[in-house]
Amino acid sequence: MIRITLALALLAGPAFGAAGTDPDWPCIQRKQPNLSMGQVWTGPLPDEAAQALVRDPQIARLAERLEQRRLPLDQAEAEIADFAAEASQAQLVALMQAIFDRIDSDRGALIGGIARYGQSQLDLSLRIEERRARMAALEAADPPDFDAIDAEEKALDWEQRIFTERQQSLTYVCETPVILEQRVFALGRAIAGHLD
């Protein structure tokens, strides 16, 4: 059985409040709610012509396909090369903007979910602490109510199990925004390689 003080130490340790920007952020990675195009793209910034092309159905469909993580990067690079063979520079910049918009939106939603996940872990740790206090009070009663103690202990074990499982999956959850950043950067590099 994990003691709640250990669980709280996990929450209060280096994972929570990383880089000092948000004390409730549950990840080691710094919380950065939004990316900027300049962080992931070395090509020209989209002008009005490129911005208008972002909504072009061919570009929108390709951007939607390329941003999907299940599509291997080498295959995505091949599809970019096929598109670039016939595309203008404005179309390539528009493709990058369309990909960036999609990934940044997905990433923003994911970061919001991670923040809620972290808050639910904090809430659960407080409920566990309260349950421990109730158990201590029940055990100290004269005479102790063993049925109530058993019920509290069962509920406590269940909540601690949930807490531990969620804490273990937090590492994967926290890596996902980084994976999205790496993908948009790699796709941007592939597109920039076809610019004049």
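What the table shows:
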quantity	calculated
Length added when fully stretched, Ala49-Glu64, from 0.36 nm per residue minus Cα-Cα	3.4 nm
Cα lying deepest toward the dipole's positive end in the chain, options Val173, Phe185, Phe100, charges on Cβ	Phe185
Solvent-accessible surface (1.4 angstrom probe) belonging to Val54, in square angstrom, nearest 10	20 Å²
Structure-based [θ]222 nm, the chain - -39500 (n - 2.57) summed over DSSP H runs of at least 4, per residue, nearest 500	-24500 deg cm²/dmol
Most to least accessible of Asp104, Asp157, Asp74 (protein chains only, probe 1.4 Å)	Asp74, Asp157, Asp104
More than 13 Å apart - percent of Cα-Cα pairs taken over the range 124-186	69 percent
Taking N as its residue count, the alpha carbon Rg of the range 85-196 over 2.2 N^0.38 Å	1.88
Computed magnitude of the charge dipole of the chain (debye, nearest 20; Cβ of K, R +1, Cβ of D, E -1)	240 debye
Label-to-label distance, nm, for residues given as Gln89 and Leu126 (7 Å Cα→Cβ offset)	5.6 nm
Carbon plus sulfur fraction of accessible area for the range 57-176, probe 1.4 Å, in percent	52 percent
Relative contact order computed over the chain (Cα-Cα under 8 Å; 6+ residues apart), in percent	32 percent
Cα-centre dipole for the range 97-138 with unit charges at Cβ (Lys and Arg positive, Asp and Glu negative), debye to 20	280 debye
Residue-normalised accessible area of the chain, expressed per residue, 1.4 Å probe, Å²	56 Å²
Relative contact order (%) - criterion: Cα under 8 Å, at least six apart; region: the range 105-196	35 percent
Cα point-scatterer Debye curve for the chain, base-10 log of I(q)/I(0) at q = 0.14, 0.19 Å⁻¹	-0.82, -1.15
Angle in degrees between helix 89-140 and the longest Cα principal axis of the chain, rounded to the nearest 10	0 degrees
Distance (nanometres) between label positions extended 7 Å along Cα→Cβ at Ala81 and Ala133	6.4 nm
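The values are calculated or read from the model by the stated rules, or taken from the named source; none is laboratory data. Worth saying up front: this structure is predicted, and the values here are computed from it rather than measured. With ideal geometry, Cβ positions are generated from the backbone for all residues, glycine too; neighbour counts draw on all protein chains shown. We work out accessible area using only protein heavy atoms, side chains counted, and drop any ligands, DNA or RNA first. Shrake-Rupley method; radii C 1.70, N 1.55, O 1.52, S 1.80 Å.
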